[in-house]
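The structure under discussion appears below in the form of structure tokens.
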Amino acid sequence: MNNIQVNATTSNASSGQAATFGLRSTLVLALGTFAVGTDAFIVSAFLPAMADGLSVTPALAGYSVTAFALAYALLAPVIAAVTSAVARRRLLVAALVILGLANIASALSPTLGILILTRIVAAAAAAAYTPNAGAVAAAIVRPELRARALAIVIGGLTAATALGVPLGRIASTTMSWRASLILVGIVSLAAAFGVLAVMPRLPGNAPVTLYQRLAILTRPGVMVVLPLTVLGMAACYTPYAFTIQVLDSLLVPATSVTAMLLAYGAGAVVGNYASGWATDRIGPNAVLTSAYALMVVAMGGLAWVASAPSPAMIGVVALLMACWGTSSWAQTPPQQHRLIAGAPQEAPLVVALNSSGIYFGISIGTAIGSHALSDGAQATLWYGSTIAIVALVYVMLTAMRHNSRG
């Protein structure tokens, strides 16, 4: 899920004037990605409370997550094409300000319809910020520090999963779900101020039209591999927006819900970093096969526990939550590796398309989960594990196809 695009044009064009900053300067960019990541996933921490506050069912409230993800998927390539010539600092600051105001507007929304509109605006801002944060991080530091600078910026997204969602849960239970969104808005505005104060002026990129960005889809190495991104993300996010209902169905006490979210987040951190390490050593296909097999076991295991729930199973639930997080976040590094191998000369473009694929998969998964929720939270787990089986079969078939051609 850590799709941060590094645009060589910005880096190279700016290296002479801006590549003199240390790694500390990238921390403010990480604060921005932390805000973006928390905003994208925080709704799962308080969806039932939000549904009550808006006088709708949790299934309907879940469509706010679908709207955010779908808007990100569709708008990301358009925004990238339209804003390619805009100075990078100006673009980052504007994106964070809009993100902050959109979250505050979400918190003040009186109806689900208005909330969905504000979530779409927030998604557009996130789509403008996230890919460019990595490009700027690479541009402002010395070449030998670029990998570490990118790791810091990506760390903001990882921290959002490990800490942002649990903190959002704490804020929503001690205050309200509206207060949680206001806090995300404040963090976004603080990050905007930091970027304005710390970042140097950087030029825009060479224009790349929307047609050029989408033409890469015709490459066989991209066309065959990219659907797996959508499948895999749909699988793990079918139940994710409804995590609180899932935990309720497992008889997890309210006092332990935050701990379960932390278990998922810890697994996500492990999955993200371990999959990158493993991909370099055993290859992307083996890592993806292992990730989807673990995903099937994790969600299928949770569904099995939900069929005869017991408070005594809380340790098993925590372990399965961690495995769910690990398998979900283990997908992106090996999948990006496969896509870049299919179009090495257009690496920034395929990474950006993969980002759209991630959010398109999230939107599909959340929509399926909203539909399945009418049959109970356990059904979202069965649907998710079934889609994970499809993803597992797909990666095995595409790997066999690649090996036969090789």
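Scanning the range 220-236 for residues that are over 21 Å from LEU99 (Cβ atoms), modelled with pLDDT under 90 and not assigned by TED's automatic domain parsing to the domain that holds GLY369 turns up nothing. The residue list ALA80, ALA49 contains one member that is touching a residue at least 12 places away in the same chain (Cβ under 8 Å), assigned to a helix (DSSP H, G or I) and buried (at least 20 other Cβ atoms within 10 Å of the Cβ), which is ALA80.
Can THR130 be described as assigned to a helix (DSSP H, G or I), at pLDDT 80 or above, under 22 Å from VAL86 (Cα atoms) and among the polar types (S, T, N, Q)? Judged against the criteria, THR130 is a match. Checked across the range 83-102, the condition of being within 23 Å of TYR237 (Cα to Cα) and free of Cβ contacts under 8 Å to residues at least 24 places away in the same chain holds for no residue. Among the residues of the range 132-160, those that are over 15 Å from VAL195 (Cβ atoms) and within 19 Å of the chain's Cα centre (by Cα) comprise LEU150, ALA151, ILE154, GLY155, LEU157, THR158, ALA159, ALA160. Pairs meeting the criteria (first residue in the range 149-177 and over 13 Å from ALA263 (Cα atoms) and surrounded by fewer than 21 Cβ atoms within 10 Å (Cβ to Cβ), second residue of a type in the set (D, E, K, R) and modelled with pLDDT of 80 or more, beta carbons under 6 Å, at least 6 apart or on different chains) are lacking.
For every residue, the table says whether it meets (1) without any contact (Cβ under 8 Å) to a residue 60 or more places away in the chain; (2) buried (at least 17 other Cβ atoms within 10 Å of the Cβ).
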site	(1), (2)
LEU183	yes, yes
SER188	no, yes
ALA191	no, yes
VAL198	no, no
LEU217	no, no
LEU228	no, yes
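Of everything in the range 84-115 that is of a type in the set (Val, Ile, Thr) and part of a loop (DSSP other than H, G, I, E, B), the residue that is nearest to SER176 (Cα to Cα) is THR111. Contact map, the range 281-295: residues that are more than 12 Å from SER328 (Cβ to Cβ) and assigned by TED's automatic domain parsing to the domain that holds ALA399 paired with residues that are of a type outside the set (A, V, I, L, M, F, W, C) and surrounded by 17 or more Cβ atoms within 10 Å (Cβ to Cβ), Cβ distance under 6 Å, separation 6+ or inter-chain. Pairs shown: PRO284/PRO334; PRO284/HIS337; PRO284/ARG338; VAL287/SER275; VAL287/THR279; VAL287/PRO334; LEU288/PRO334. If you filter the range 272-290 down to residues that are at pLDDT below 90 and within 19 Å of the chain's Cα centre (by Cα), you find that the one that is surrounded by the fewest Cβ atoms within 10 Å (Cβ to Cβ) is ALA274. Could you tell me whether the range 262-271 includes any residue that is farther than 25 Å from HIS337 by Cα and either in contact (Cβ under 8 Å) with a residue 12 or more places away in the chain or not assigned by TED's automatic domain parsing to the domain that holds VAL390 (or both)? Yes, that holds for at least one residue.
The values are calculated or read from the model by the stated rules, or taken from the named source; none is laboratory data. Just so it is clear, the structure is predicted and the values come from calculations on it, not from any experiment. Note: ideal-geometry Cβ built from the backbone for every residue, glycine included; neighbour counts use all protein chains shown.
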